[in-house]
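Some notes on the structure that comes next.
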Amino acid sequence: GYLKQLARFERVLAISNASRAELAGYWDWLRVPVQASLRVIPLGADGGGVPRAARGNLGDPVRALLMVGIVETRKNQDLMIDVCEQLWDSGLDFELHIVGRTNPHFGRPVVQRALKAARNRPGLRFHGALDDGAVETLRERCRAAVFPSIAEGNGLPLIEALWRGLPCVCSDIPALGENAAGGGCVVVPVNDNPAWAAAVHEILTNDSHFNLLRSQALARPLPTWDDTARAVLESFSG
């Protein structure tokens with residue numbers, strides 16, 4: 001019902017081209033009359049007010065991965081734990097940091113899985129919800145951010161990681177692929193466990209690969225929340 005009502009609005013602002021196409025496709029499938037002007041606005045990468053990273057103020061990260069996002073099935077924390085357990089069993093020494101509030105409806109089984117695995121895996125750290133400062137400390141420590149999601153509207157934590165010069169490994173769903181296209185990212189088929197294991201192993205162990213991705217992350221243009229605000233204001237006048 002909500003999506004049908006949106007078709008009758010004057011303007012609808014989508015948070016990615018993927019979201020725009022999905023909504024337009026749904027309206028077309030429903031055969032509802034569409035009055036709305038449907039536009040895409042950028043979301044800012046500079047969340048928390050931290051400045052853009054520069055090579056001169058980045059240290060040498062340890063072998064650690066950061067996964068930021070609400071804890072629920074669509075974010076795919078289970079796959080990330082599976083992949084990391086395989087790599088730990090192969091002898092690779094590294095850390096996985098999982099950060100995010102728990103979805104009260106869908107997240108509890110994922111939390112239980114993570115806590116159970118953490119009891120047996122010293123490299124697995126389940127933090128739950130953290131404030132911006134604590135997340136920033138982890139970004140400075142970690143070598144890469146990982147986003148194996150099976151569904152996203154935008155994937156904001158990915159561009160926030162890139163803003164701080166943190167390379168990303170993400171699934172090939174449309175919204176994440178859209179944000180990854182500018183560089184600094186490795187795109188992996190969604191739910192492809194062997195491909196994820198290979199991509200994670202490569203970014204943790206290959207310094208040349210890591211340095212190239214970090215250089216791309218630092219060099220690429222990224223939107224700010226000022227850009228978002230301007231886009232919203234412009235949408236009212238056009």
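The values are calculated or read from the model by the stated rules, or taken from the named source; none is laboratory data. Owing to the predicted nature of the structure, the values given are computational and were not obtained by experimental measurement. Neighbour counts are summed over all protein chains in view; Cβ atoms, including those assigned to glycine, are modelled from backbone coordinates with ideal geometry. Keep in mind that these areas ignore ligands, DNA and RNA; they rest on the heavy atoms of the full protein, side chains included. Shrake-Rupley method; radii C 1.70, N 1.55, O 1.52, S 1.80 Å.
Laid out as a table, the results:
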quantity	calculated
Near-label residues of the range 123-159 by backbone N, under 14 Å of a point 7 Å along Cα→Cβ of Arg220	145-147, 155-159
Only Lys, Arg (+1) and Asp, Glu (-1) charged, at Cβ; the range 104-238 dipole about Cα centre in debye	740
Amide H partners (placed H, <5 Å) of Arg11, local residues excluded	Ser37
For the range 28-158, fraction of C-alpha pairs farther apart than 16 Å, in %	69
Angle in degrees between helix 193-205 and the longest Cα principal axis of the chain, rounded to the nearest 10	60
Between 0 and 90°, nearest 10: helix 108-120 axis offset from the chain longest Cα axis	20
Average accessible area per residue (Å²) across the chain - probe 1.4 Å, nucleic acids and ligands excluded	50
Protection-proxy order for peptides 225-237, 65-77, each taking the mean of Cβ atoms within 10 Å per residue, highest first	65-77, 225-237
15 Å reach of a label modelled at Glu10, 7 Å along Cα-to-Cβ, counting backbone N of the range 38-57	38-39
On Cα atoms only, tilt of 132-141 relative to the major axis of the chain in degrees	50
Calculated from backbone phi, Karplus (6.51, -1.76, 1.60) coupling profile of the range 76-91 in Hz, x at Gly/Pro	6, 4, 4, 5, 5, 5, 4, 4, 5, 4, 4, 5, 4, 5, 7, x
Cα Rg, Dmax (largest Cα-Cα span) when computed across the chain, Å	18.8, 59
Three-way shape label, the range 120-238, alpha-carbon gyration tensor, a/c 1.5	prolate
For Val32, net neighbour charge (Lys/Arg +1, Asp/Glu -1) across residues whose Cβ lies under 14 Å away	+2
Cut-off under 5 Å, modelled amide H: who pairs with Ala145 long-range	Leu66, Cys168, Val169
Shape call, the range 106-165: gyration tensor on alpha carbons, a/c limit 1.5	oblate
Counted charge near Ser208, where neighbours are those whose Cβ lies closer than 13 Å (Asp, Glu -1; Lys, Arg +1)	-1
Built amide H within the under 5 Å cut-off of Val40, gap 5+	Ala14
Carbon plus sulfur fraction of accessible area for the range 55-164, probe 1.4 Å, in percent	49
Inter-centroid distance (Cα atoms) of the range 54-128 relative to the range 151-220, Å	16
At R0 = 41 Å, FRET efficiency that the Cβ-Cβ distance of Leu92 and Ala134 yields, to 0.05	0.95
In sequence order, calculated HN-Hα J values of the range 160-177 (Karplus, 6.51, -1.76, 1.60; Hz; x Gly/Pro)	5, 5, 4, 4, 9, x, 9, x, 10, 10, 9, 6, 8, 6, x, 5, 6, x
Sum of -39500 (n - 2.57) over DSSP H runs of 4+, divided by residues of the chain (222 nm, nearest 500)	-14000 deg cm²/dmol
Over the chain, relative contact order from alpha-carbon pairs under 8 Å, at least 6 apart, %	23
Vicinal HN-Hα couplings computed from phi for the range 42-48 (Karplus, 6.51 cos²θ - 1.76 cosθ + 1.60; Hz; Gly/Pro x)	x, 9, x, 8, 9, x, x
Inter-label distance, nm, simple model (7 Å from Cα along the C-beta direction), Asp28/Val40	1.5
Cα gyration tensor, the range 1-44 - rounded (a/c under 1.5), prolate or oblate	prolate
